[in-house]
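Remarks on the structure that follows.
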Amino acid sequence: MEGMTVKDLVTASHGTLLWGSGDKAVTGIAIDSREVKDGDLFVPLVGEHTDAHKYIEEVLKKGARAVLTSRPLEPSWTLASDDKAIIQVENTQNALQAIGSYYRKRLTLPLVGVTGSVGKTTTREMIGAALSAKYQVYKTPKNHNSQVGVPMTLTEIGKEAEAGVIELGMSEPGELTVIAKIAAVHMAVITNIGVAHIEQLGSQENILREKLTIQDGLQPGGTLFLNGDDPLLKNVTAKEGIHTVYYGTGENCQYRAEDIRLENGYPRFTAVCGHRRIEAALQVPGNHQILNAMAALAVADHMDVPLEEAARQLELFDGVKNRQQIYHLPNQVVMIDDTYNASPVSVEGAIDILASRQKAGRRIAVLADMKELGALAGRYHRQVGEYLGRRQVDMLITYGQLAKEIQAGALASNPDLKTLWFSIDQKEELKQRLVAELHPKDCILLKGSNSMKLGEAAEYVRQHYH
């Protein structure tokens with residue numbers, strides 16, 4: 001956070017300075033007391049199970065320059081504060097959002113917002129890679145895409161950045177509108193409409209309606225980039241004053257991929273943009289990555305990046321941690337770590353990657369529960385299993401109660417498939433079985449929702465081999 005003082009924070013948050021000087025500079029924002037650095041503003045959030053106001057005295061002693069509070073001033077805070085600032089606000093989360101919006105208005109660089117049910121992070125990273133052919137690019141760190149993460153992300157954009165790519169998430173009705181208005185992007189990308197968060201939103205149509213609220217913050221004259229292959233997006237038109245651009249593989253797309261092929265699981269294709277044809281190759285596996293790449297090329301073209309140079313930058317992109325990262329282990333064992341998150345569409349895409357692997361011994365899928373799928377969760381898990389049973393997969397290992405339905409669906413499609421199931425309290429047994437099961441030249445895929453912590457099993461396998 002550059003050029004912000006305590007006085008600016010008071011103005012931005014509509015707060016009252018209870019203690020300290022307004023002239024001091026504030027250099028960052030922290031919501032976790034363990035991560036507070038010298039010069040930071042600490043924002044104590046109030047959740048269902050904890051109230052971070054209890055850490056105010058601690059962070060002031062630790063080096064925080066200022067704190068927000070929605071509680072009355074406590075004498076111990078002033079004793080710990082010396083020349084620190086204490087700002088009273090009505091609601092700390094709302095104040096954080098107001099600070100993010102205030103800082104956003106100071107920024108002059110073009111911003112791209114990315115949302116969608118699946119592929120937000122990879123698409124964000126690909127857009128950043130394509131834009132890096134011409135610009136110094138700032139991208140959302142980690143998964144800071146929420147009502148709390150987005151305002152913090154905006155305040156971290158420094159003066160050296162020439163373009164920004166911001167991920168905008170959503171898990172409940174109305175959330176994306178709040179985030180979109182704070183981010184106020186110039187261009188917005190919607191990757192697809194799946195069933196992630198259908199438990200909270202009820203239907204894909206509701207998810208579509210919510211995703212389209214990214215336009216609520218889109219600047220006048222901006223551009224909405226839509227996946228023209230998605231059944232629910234291909235007939236959508238942006239609201240008045242916003243340009244609509246489609247990307248994908250169909251004739252309805254201004255930016256489309258042709259001559260698609262996989263070489264040992266890695267996509268090769270021709271990007272067609274008007275009369276221009278650009279050969280492209282990716283270092284991330286799976287055909288679904290082509291759509292992410294086409295979104296990146298479409299955005300890059302609209303920001304005057306030479307497409308050939310953007311495509312070369314995409315060829316250098318090798319993925320995001322725990323998202324289809326491929327590890328070549330000793331004994332020619334290959335591990336596909338895709339443990340960050342899971343939905344039916346993304347799991348089926350990961351299964352396709354596993355099945356497409358050439359020169360593999362056995363193809364082993366390790367699949368855990370997919371969360372937030374609501375009343376139809378059992379059906380979605382079973383359908384994923386049925387899909388796997390029809391693919392070239394030699395063994396299925398499932399983990400978690402819902403994943404039992406994956407096993408059942410797989411056996412319904414392929415009764416001869418070798419399967420194993422582990423309960424949620426058998427994580428250690430699962431880890432040990434994985435390393436015992438792997439033979440030379442095997443390829444193993446690990447995929448599940450982040451809350452299942454299947455990444456720990458992936459790391460266990462990696463450490464065993466190294």
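The values are calculated or read from the model by the stated rules, or taken from the named source; none is laboratory data. From a predicted model like this one, the values you see are computed outputs, not experimental measurements. Glycine gets a Cβ as well: all are built from the backbone with ideal geometry, and neighbour counts include every protein chain shown. Just so you know, the surface numbers come from the protein's heavy atoms only, side chains and all, with ligands and any DNA or RNA stripped out. Shrake-Rupley method; radii C 1.70, N 1.55, O 1.52, S 1.80 Å.
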Response to the item:
Averaged per residue, the 1.4 Å probe accessible area of the chain, protein heavy atoms only, in Å², is roughly 42
Practice prompt. May I ask you to give the average projected area over all directions of the convex hull of the Cα atoms of the chain, in nm² rounded to one decimal?
Written response: 23.0
Worksheet item: Taking the Cα centre of each part, how many Å lie between the range 370-413 and the range 307-321?
Response: 33
Worksheet item: Of the peptides 206-219, 415-428, 285-298, how do they stack up when ordered by the mean number of other Cβ atoms within 10 Å, highest first?
Response: 285-298, 206-219, 415-428
Fill in: Tensor-based shape of the range 151-216 (alpha-carbon gyration tensor, a/c under 1.5 rounded, otherwise prolate or oblate)
prolate
Practice prompt. Subtract the Cα-Cα distance of THR11 and ASN264 from 0.36 nm times their separation in residues, and report this length gain in nm to one decimal.
Written response: 85.4 nm
Item to complete: Take every DSSP beta bridge with both residues inside the chain and express the antiparallel ones as a percent of the total, to the nearest 5.
Response: 35
Worksheet, complete the sentence: Taking a straight Cα-to-Cα line shorter than 16 Å from LYS61, and setting aside same-chain lysines fewer than 8 residues away, one finds LYS37, LYS84
Item to complete: Report the charge-dipole magnitude of the chain in Debye, nearest 20, computed about the Cα centre from +1 at each Lys and Arg Cβ and -1 at each Asp and Glu Cβ.
Response: 520
Worksheet item: Over the range 345-466, what percent of the accessible surface lies on carbon and sulfur atoms, probe 1.4 Å?
Response: 46
Worksheet item: Order of 276-283, 325-332 by packing, highest average Cβ count within 10 Å first?
Response: 276-283, 325-332
Worksheet item: Ordered by packing density, taken as the mean number of other Cβ atoms within 10 Å over each peptide's residues, highest first, how do 225-232, 302-309 rank?
Response: 225-232, 302-309
Discussion item. Distance between the C-alpha centers of the range 115-145 and the range 214-258? Whole Å please.
Written reply: 18
Practice prompt. Let me know the whole percent of all Cα-Cα pairs from the range 192-268 that are separated by more than 14 Å.
Written response: 67
Worksheet entry | Cross-link pairs LYS159/LYS239; LYS359/LYS418; LYS321/LYS371; LYS321/LYS441; LYS359/LYS447; LYS105/LYS234 - those with Cα-Cα distance over 25 Å | LYS159/LYS239; LYS105/LYS234
Discussion item. Students often forget the sequence filter, so: which aspartates and glutamates lie under 12 Å Cα-Cα from LYS139 once same-chain residues fewer than 8 apart are removed?
Written reply: GLU125, GLU156, GLU162, GLU167
Discussion item. I need the phi-derived Karplus couplings for the range 325-335: 6.51 cos²θ - 1.76 cosθ + 1.60, θ = phi - 60°, integer Hz, Gly and Pro marked x.
Written reply: 7, 9, 10, 9, 9, x, 6, 6, 6, 10, 10
Fill in: Within the accessible area of the range 77-137 (1.4 Å probe), percent carbon and sulfur
43
Worksheet entry | the chain: relative contact order as a whole-number percent, Cα under 8 Å and 6+ apart | 11
Discussion item. Quick check on the chain: helices-only [θ] at 222 nm, where DSSP H runs of length 4 and up contribute -39,500 (n - 2.57) each and the sum goes over total residues. Nearest 500, please.
Written reply: -10000 deg cm²/dmol
